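Nothing in this text is a laboratory measurement; each read-out follows from the coordinates by a stated rule. These figures come from a predicted structure and were not determined experimentally. Note that we place each Cβ from the backbone using ideal geometry, even for glycine, and neighbour counts take in every protein chain shown.
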Amino acid sequence: MSSFINISDASTIAIHSLALIANTERSLNANKIAEVTHFSRNHLAKVLHILVKHKYLDSLRGPNGGF
């Protein structure tokens, strides 16, 4: 019998985003992360905001900003 753990879409987005950011030397903005992961940019932005709010990520604002 195989069992699967059901996790929310937001959790999936968070895990994939954190892994991508951790394995990249330079900062990535939400548009680039959405392009690479194929997640909705709006949903991704909400999840990234929560991760920053709870201090799992740091964010930089401006033209060279990102995570």
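Candidates I5, I33: the one that is touching a Lys or Arg at 6+ places or on another chain (Cβ under 9 Å) and at negative phi is I33.
Out of the residues in the stretch 1-44 that are among the hydroxyl-bearing types (S, T, Y), outside any loop (DSSP other than H, G, I, E, B) and in contact with a helix residue (DSSP H, G or I) (Cβ under 8 Å, 6 or more places away or on another chain), state the one that is nearest to G66 (Cα to Cα).
Initially, the stretch 1-44 is screened for residues among the hydroxyl-bearing types (S, T, Y), giving 2-3, 8, 11-12, 17, 24, 27, 37, 40.
Those left that are additionally outside any loop (DSSP other than H, G, I, E, B): 11-12, 17, 37.
Still in the running and in contact with a helix residue (DSSP H, G or I) (Cβ under 8 Å, 6 or more places away or on another chain): 17, 37.
Details: S17: 12, T37: 16 Å.
Restricting to residues being among the hydroxyl-bearing types (S, T, Y), outside any loop (DSSP other than H, G, I, E, B) and in contact with a helix residue (DSSP H, G or I) (Cβ under 8 Å, 6 or more places away or on another chain), the top hit is S17.
The residues in the stretch 1-51 that are surrounded by 14 or more Cβ atoms within 10 Å (Cβ to Cβ) and of a type in the set (S, T, Y) can be counted, and the count is 4.
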